[in-house]
Every structure is written in structure tokens, then in C-alpha cells.
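Encoded as C-alpha cells, the structure appears first; notes follow it.
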Amino acid sequence: MNRVFPTLQEWNTRPLDAPEWGTSKGVLPETFYREMKRAAYRREASWEYPIEESSSPYMILLPDVQQMRVWLGNGLSAKIRYHISCGQFAEAREGILVGLANSRHIAQTTFYVTQGVARAIDNIMLARVEELISQPNSPNLYWALSTLPDLQTELHRAANFEGSMFAMTFPAVNDFDRPRDANEWGRMAGQL
């Protein structure tokens, strides 16, 4: 990880005809790709964030989401570009599918952050599609692309969830109209 991670951005900006592709051995370690592929073919993903267990859902840490953005976005993108540079279009296509499927799994969690990460990965994968179909003798992806959903992200669910998180953190918001004495207002101010 320490050896590969710092080079990912460089591989993603390298021209596809650069001689370094011939000595890169696929850029992304195969063990990472196997795990990404295994995750992509799951019916659903459960990240098991403790949303209902937390009195303050805003404090739930999401370091795994950032790592998925790096490894699925930059790492998988570099691997796909490696396959495109070698003329291995079937492998490049599979890598794109793995990225899009994992992006869909990430979007199932309704935090705005996860929606943004899923959107970023989608954009990276679609840029790889553009590179793939611009190559001579590339496969025709017209019908496959025509059936992609407009948005894999679920911003409406994220908006609803983010709104309900405030009520989970500050329950008094649900009944502001009720008369209160000074002590109750003080407790509410402390909650806020």
C-alpha cells in the first residue's frame, strides 16, 4: 500500500501510449482488485454504520469511504488504464463494471458524503469508458451505455436522512410550539 498509493495519481495522468505501461504489471495489486470484484458482485452492501445507536449521527466517522474513493477511484482507474494501454479491452470493461457496481453499493448509504464519493467514482469510471471507446477496435458499448441509469446516487434519500439526523440529535425540534419553562429551554439549549 505504501509503495502503490503515492503513484496512483501519476498513473491516472500518464498518456496511454507511454512506455511505462509495459513495465507496470497492472499498477493495482491483484489482491485489492479481487476484493473489489467480489464486493461488486454482491447483491447489496451493508456498511453497518451505527446510525440508530448513536445519539449524534454527525459524529459517525467514515474513513472507509475516503479509502474507497482512493482505491476504487484512482486505483481501479489506473488498472483500467493499464488494460486499455495493453489493448486488453475485456479486462478494462470488467474493471469499469466493478467500479460502477461498487459505486452503486456506496450510494446505498444515505450520507451526503457517500453520495459525493459514489458520484466521483461514477465520473472516473465514465472517463475510463470514454478512453476505452476512443481506442481503435474497441467494443461497441452503445446499448450497454444506453441502459445505464441517469444517476446511481440517491440524493433525495440523503436529503431526507440528513434532515432526520438533526431531529435525532435535537429531539425538541419536533415540538417547538409547545410552551416551556426556563429550565426546559435551558436543557434544550444544552442539547443544541
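The values are calculated or read from the model by the stated rules, or taken from the named source; none is laboratory data. None of the values given here were measured: they were computed from a predicted structure. We place every Cβ from the backbone using ideal geometry, glycine too, and count neighbours over all the protein chains shown. Quick note on the areas: whole protein, heavy atoms, side chains included, nothing else; ligands and nucleic acids left out. Shrake-Rupley method; radii C 1.70, N 1.55, O 1.52, S 1.80 Å.
Do you know which of the residues in the range 49-68 that are open to solvent by 100 Å² or more (accessible area, probe 1.4 Å) and assigned to a loop (DSSP other than H, G, I, E, B) is nearest to Ile106 (Cα to Cα)?
Leu61
Having 2 or more residues that are in contact (Cβ under 8 Å) with a residue 12 or more places away in the chain is the bar; report the helices (runs of 4 or more DSSP H) wholly within the range 74-157 that clear it.
The qualifying helices (runs of 4 or more DSSP H) are 76-85, 89-107, 112-133.
Could we say that Pro6 is surrounded by fewer than 16 Cβ atoms within 10 Å (Cβ to Cβ) and assigned to a loop (DSSP other than H, G, I, E, B) here?
Details: surrounded by fewer than 16 Cβ atoms within 10 Å (Cβ to Cβ): yes; assigned to a loop (DSSP other than H, G, I, E, B): no.
When the stated conditions are applied, Pro6 does not pass them.
So is Arg81 modelled with pLDDT of 80 or more and under 17 Å from the mean Cα position of the chain (by Cα) or not?
It is false that Arg81 is modelled with pLDDT of 80 or more and under 17 Å from the mean Cα position of the chain (by Cα).
What tally of residues in the range 111-149 results from selecting those that are more than 23 Å from Glu48 (Cβ to Cβ), open to solvent by less than 50 Å² (accessible area, probe 1.4 Å) and hydroxyl-bearing (Ser, Thr, Tyr)?
Here the count works out to 1.
Looking only at the range 169-192, count every residue that is open to solvent by less than 100 Å² (accessible area, probe 1.4 Å) and either at pLDDT below 70 or of a type in the set (S, T, N, Q) (or both) and tell me the total.
2
Quick one: in the range 20-48, which of the residues that are part of a loop (DSSP other than H, G, I, E, B) and within 25 Å of Pro6 (Cα to Cα) is most open to solvent (accessible area, probe 1.4 Å)? Talk me through it step by step, then tell me what you get.
The first filter runs over the range 20-48 and keeps only residues part of a loop (DSSP other than H, G, I, E, B), leaving 24-29, 41-48.
Now narrow it down to the ones that are within 25 Å of Pro6 (Cα to Cα): 24-29.
Details: Ser24: 21, Lys25: 184, Gly26: 5, Val27: 18, Leu28: 6, Pro29: 37 Å².
Only one residue tops the list, namely Lys25.
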